[in-house]
Amino acid sequence: MKRQHAQIHPFLHSAAIMEKQLENLLGSSKIRHRQALVLDALLQIGPSSQQHLAKQFSVSPGTMSSMISRLETLGYVQRETNPTDRRADVVNITAEGLTALAGVADIWREGDKIIENILGPEESKRFFALSDKLSRALGGGPPKKEKSN
């Protein structure tokens, strides 16, 4: 008897393939898709603690620390001691990070075009709107600025 896959299977498979294609396109920037999302968040919300960023991206503090260390090694972010809590660091995007992010934005638009070429203009608009709705319903959405203590 042939087992049917759950309806979510094609979505998961296509998301994994799309992420791999974006990773390949990002190759020259030396950063990964999720690291690029962190840079984008820092651009949107400004300097933030690693703890706040970890919460925003639903990752462990250790995972965020690894991402920030990699971005710092590349010169895309800098860490400074938080003036209100000397035990914590504040992370900020650098000029080099802004330049890298501009290139990433072009790559993300290429991803949009790939989807639009496959689905067509109307279906891709609907797909992006439904994806945004799903993301927000699952707790995603734009990053939030860190509240002062």
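The values are calculated or read from the model by the stated rules, or taken from the named source; none is laboratory data. Treat the numbers as computed from the prediction; the structure is a model and nothing was measured. Counting neighbours? That spans all protein chains shown, and the Cβs are built from the backbone with ideal geometry, glycine included. All accessible areas refer to the heavy atoms of the entire protein, side chains included, with ligands and DNA or RNA removed. Shrake-Rupley method; radii C 1.70, N 1.55, O 1.52, S 1.80 Å.
Only protein atoms count toward the accessible area here, which uses a 1.4 Å probe; on the chain, the carbon and sulfur part of that area reaches 54 percent.
This structure gives volume of the Cα convex hull per residue in Å³, computed directly, and of (i) 94; (ii) 147; (iii) 115 that value is listed as (ii). Pairs of C-alpha atoms in region 96-141 farther apart than 17 Å represent 50 percent of all such pairs. Across region 70-84, no residue has a backbone nitrogen under 13 Å from the label position 7 Å along the beta-carbon direction of ILE45. The distance between label points at LEU119 and ALA16 comes to 2.1 nm (points 7 Å beyond Cα on the Cα→Cβ vector).
For the chain: lysine pairs with Cα atoms under 27 Å, gap of 8 or more or different chains, count? Count of close lysine pairs: 20. So what's the gap between the Cα centers of region 1-32 and region 55-131, to the nearest angstrom? Distance between centres, Cα-based: 18 Å. Computed on region 58-149, with alpha-carbon pairs under 8 angstrom and 6+ residues apart, the relative contact order is 15 percent.
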